[in-house]
1. Mind scanning Lys199/Lys303; Lys338/Lys368; Lys200/Lys279; Lys9/Lys368; Lys297/Lys368 and naming the pairs with a C-alpha gap bigger than 23 Å?
2. So in the chain, what percent of DSSP beta bridges are antiparallel if you round to the nearest 5?
3. Is the C-alpha gyration tensor of the range 240-360 telling us rounded, prolate or oblate? Criteria: a/c under 1.5 is rounded; beyond that, a/b larger than b/c is prolate, otherwise oblate.
4. What residue among Gly233, Gly305, Gly411 has the largest mean-square fluctuation in a Gaussian network model of the chain, using Cα springs under 10 Å?
5. Of Ser141, Ser47, Ser259, which is the most mobile in a GNM of the chain whose springs link Cα atoms less than 10 angstrom apart?
6. Sort His241, His359 so that the residue with the fewest other Cβ atoms within 10 Å of its own Cβ comes first and the one with the most comes last.
7. With springs connecting C-alpha atoms under 10 Å apart, model the chain as a Gaussian network and identify which of Thr408, Thr376, Thr159 has the largest mean-square fluctuation.
8. Tell me what the chain gives for mean residue ellipticity at 222 nm when only DSSP H runs of n ≥ 4 count, each as -39,500 (n - 2.57), the sum divided by the residue total, rounded to 500 deg cm²/dmol.
Amino acid sequence: MELLLDELKRRRMALINEMPDNSIAILSSANKNFRTRDVENPFRQNSDFLYITGLSEPNLINVIFKNSNNPQTILFRNNTSEKERIWDGSRLDNQDVQKKYGFDNIYNYDNYLDKLVDLLIDKETLVIESGINDELDSFISNNIANASINNRAGESFPTKIVALHSITQKLRMVKSQFEIDLVKKAAEVSIEGHISAMKKAKPGLYEYELDAEIKYVFNKNNMPNAYMSIVGGGNNACTLHYVKNDSKLKKNDLVLIDSAAECDGYASDITRTFPVDGKFTKEQSEIYDLVLSAQEKAISFIKPGITWDELHNLTVKIISEGLIELGIIQDSFANVIKNEMYKDFYMHKTGHWLGLDVHDVGEYENIKFLPGMVITVEPGIYIDQSNINVEKKWRGIGVRIEDDVLVTNNGSEVLTKKLPKNRNDVEKICKNNG
Ligand code: GLY
Ligand code: MN
Ligand code: MN
């Protein structure tokens, strides 16, 4: 508990340090969203709001002032109403929220807009993100952007707007130990899910049945999926965002599973590819080992100062050389790189930032890795069955291997290292599948 409060205070101070003098930040929670009529989708908090407040509820506004030496945080929140208690159950009391999450004041959420007018007086800059709360957006554009409340005699309102996200993005890119531990917890459960699926797979099972095994492990640990699972048997592995997961798994096929859990908002992101019947064929082995070699070499290359481009160029080089050596691409290395011929088989990037969002905040150009950054490393090779330029024996093989990697002071730490990926180790887990 203390840990959470310390962490939240540290994040708020970091936000305040980046805010201009005499500014006010207004953060809005995500709204409930509905599947149809009054049937709700699962609630997911806006990631910036979660980062700063720690709260995962709709109908909240957080206001943060940068006022000389006396930064202040206010939360607008309603206690549980009687109607809500009957239909949805009780939530924490405002008093307890104030203690647990560390706000200076909590005000009623009803009429928060009226109160906001007063809070904006004499502030120079407003730090805010549009597109999250329509009501707040129109209030700001009617009253601030159009300066109509400036008609209030003798009072001045912010004349500048700074995008909140430009600040939170910078803060969220480097993870604290608190955040790394949550990614690790999510990864541990994800690993258990993957191992369970590897053990259960066999010819004749449907992809959704493996998905169900994984979901069962996540749910039994009280974690949701961090994203929709991909369970692609055979050629389905070549569809990068295959989420139908409704085909039967076949003997002699591989199955690619890209699935991971989320812990207190923090995502992990793991892919493994293994033989449905427990034994890699010769061609599958060759593609698998090539992807694994690219992935492992990329991981050993990671350290502070490296860029995404350098990392990607490395996996492109290894995969291109390998595809030429296997005769899958018949051209010179120079041509393969110049004409991007590898993209017929490796069409996505090596990885992405990972954190509160599975594709987390952060730029990809001209950023050098820093200790505390968390990324995925996920090269792949996809030889679609429709690719008539390739010998038939290779077609229908899709392999991706994805781990979550923390950049450390001297190199990196693989947060998902407990999930085997060497071919022999994978076969051992799958040995009873045939
Ligand atoms: N699971 C999404 C991704 O690997 O990027
Ligand atoms: Mn990924
Ligand atoms: Mn993934």
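Bear in mind these aren't lab numbers, they're just calculated from the coordinates by the rules spelled out. Note that this is a predicted model, so its numbers are computed, not measured. With ideal geometry, Cβ positions are generated from the backbone for all residues, glycine too; neighbour counts draw on all protein chains shown.
1. Lys199/Lys303; Lys338/Lys368; Lys9/Lys368, as the Cα separations exceed 23 Å there.
2. 80
3. oblate
4. Result for the chain, Cα springs under 10 Å: Gly305 fluctuates most.
5. Ser141
6. His241, His359
7. Among Thr408, Thr376, Thr159, the largest GNM mean-square fluctuation belongs to Thr159.
8. -11000 deg cm²/dmol
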